[in-house]
Every structure is written in structure tokens, then in C-alpha cells.
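Asks: Dropping the structure in here first, questions after.
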Amino acid sequence: MSTPFYVSPQQAMADRAEYARKGIARGRSVVVLQYNDGVVFVAENPSRALHKVSEIYDRIAFAAVGKYNEFENLRIGGVRYADLRGYTYDRGDVTARGLANVYAQTLGSIFSSAAEKPYEVELIVAEVGAGPEDDQIYRLPHDGSIVDEHGSVAVGGNADQISNYLGQRHRDGMTLSEALKLAVESLARDTNGAERTLTAEQLEVAVLDRTRPQQRKFKRLLGRQLARLLEGAPSSSDSAEPEEGGGES
């Protein structure tokens, strides 16, 4: 009778982590930055149908890299959690911290289960507050841990290099145009230091704008409005392109 092949628990978890990290690194990066009026999400994503950035609730948005079908399931679950909690209690009881905890439990359970492969995803959950000091940004790696981020964060692709670039250049009080251009510059840098040119058609951009009068603060930046911001020209809300909310499941 043959002896079963033994793998120590530590080695098994290390192998699962390495598997998930490799899958995440194959995806294109997403960058999230705070600016004076909110939080901006920028992803290199030429697709107009498969979003990496979506609305979850009034002041909360979600960004992800990795396998689309896996993080889309998590997004839908987050929308359902937020809708149910807001309906059962109060809309103010739906917070990014609570949603991050739910995602952490889900990802942690999947990662530690030997019955299924780990999710190849990394998430960012952000909430815009009444002022910059009240903004919340949480990064959730594949293993379900939660990292409280401030200022800027990058996930997917060459995230470490992008994070270093942002950390040296991001500052408090940036305008939306300044933050957007910095995000695009960071995404355009290859691992070997060369720079590419990213156009508005290659980007998916959205903001949580605390100055919006309506309850829902999420807005996508598209077309001419996005092009003007990339060029550094002021953008009027009156000339905004059609918006798209991601709150439906």
C-alpha cells in the first residue's frame, strides 16, 4: 500500500498564496487616490462592458483586479449586503469598514479551505466622508486580510512599483485633474522603467465626489470630460457625460 504524499500545512498555505499572487499579478493595475473633493479610481481597462470599478452604495465604491468572474461575484454579494443592511436598519449603517469585514471573512474562508482553490483577486473598498480626514480606503488581498490605506494605493500588475511612485508624489489637497494625471503616469510606467502613453479610451475612471448634492456620490468620468481632465482643463459638472451607477445586482 502506497504512502500518501505529505505536505506540511505551512507549505500548503504558501503554495496557495503563491498561486493567488501569480494570478493577480497577470492583471492590469488599478490605482485609487484621495483628492481634495473625494476619491478617484483609475484602471487600465479598454473594455466598456467588464468594469473593474463599480458603485456599491451611496458613498461606497469597489475596485478589483484578478479573475473577473470571481470579483464580480464578490461585488454582487457586496451590493446585496449593503442593500439589505440599509433597508433593515438605516442607510448610514452601511459603511466601508463593515463591507470590508464581510469581504475579509469570505476571502479568508475560501483561502483556508482545502476543498477549493483560492480566489485570484485583490479588492479595494473606499468610502468618501464629509471631509478628507473622514475618507476610508481598505485593501483586501487574496487571503482575506484587511489593510487600512491612506492617500493612495495600487493593486494588481506591478503594484509595488506603482505604489512607490505614488508614495513619492501624492500629496494632500490635490485637485481631481492633478490626482488623475498622477494616477495615469503611474500606470503608464513599465516594470523596466519605460513609459507608455495611455489615452482616455484605455482607461476606466470613476470618482466618489463628496460635493455632489445627491445622496449617491459615485460618478464615472467618460469621453470629453475625462479627456479635458487629462489635459488639465477645468471640468464643469454641467458638461458631464452620462453617469453609470453600479448599485444594481
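Asks: For residue 185 and residue 19, compute 0.36 nm times the residue count separating them, minus their Cα-Cα distance, and round to one decimal in nm.
Replies: 56.8 nm
Asks: Same structure again: For region 107-214, give the percent of accessible area contributed by carbon and sulfur heavy atoms, probe 1.4 Å, rounded to a whole number.
Replies: C and S atoms contribute 45 percent here.
Asks: Residues of region 117-157 with amide nitrogen under 14 Å from the 7 Å Cα-to-Cβ point of residue 12?
Replies: 117-118
Asks: Mind pulling the angle between the C-alpha long axis of helix 159-169 and the longest principal axis of the chain? Nearest 10 degrees, somewhere in 0 to 90.
Replies: 40
Asks: Hey, rough spin-label estimate for residue 231 and residue 112, points 7 angstrom out along Cα→Cβ, what's it come to in nanometres?
Replies: 5.4
Asks: While we're on this one: Net charge within 14 Å of residue 130 by Cβ-Cβ distance, Lys/Arg positive one each and Asp/Glu negative one each, not counting residue 130 itself?
Replies: -3
Asks: Would you mind classifying region 143-197 by shape? Square roots of the alpha carbon gyration tensor eigenvalues, ordered a ≥ b ≥ c; an a/c under 1.5 is rounded, otherwise it is prolate if a/b is larger than b/c and oblate if not.
Replies: Verdict is oblate for region 143-197.
Asks: Here's a follow-up. Could you state the accessible area per residue of the chain in Å², with a 1.4 Å probe and every protein chain left in place?
Replies: 49
Asks: I would also like to ask the following. For residue 105 and residue 201, compute 0.36 nm times the residue count separating them, minus their Cα-Cα distance, and round to one decimal in nm.
Replies: 31.0 nm
Asks: Order the peptides 50-59, 85-94, 104-113, 213-222 from the highest to the lowest mean number of other Cβ atoms within 10 Å of their residues.
Replies: 50-59, 213-222, 104-113, 85-94
Asks: Across all directions of projection, what mean area in square nanometres is found for the Cα convex hull of region 16-168?
Replies: For region 16-168, the mean projected area of the Cα convex hull comes to 9.2 nm².
The values are calculated or read from the model by the stated rules, or taken from the named source; none is laboratory data. Since the structure is predicted, the reported quantities are computational estimates derived from the model, not experimental observations. Virtual Cβ from ideal backbone geometry, glycine too; neighbours counted across all protein chains shown. Just the protein is used for accessible areas: all its heavy atoms, side chains included, with ligands, DNA and RNA removed. Shrake-Rupley method; radii C 1.70, N 1.55, O 1.52, S 1.80 Å.
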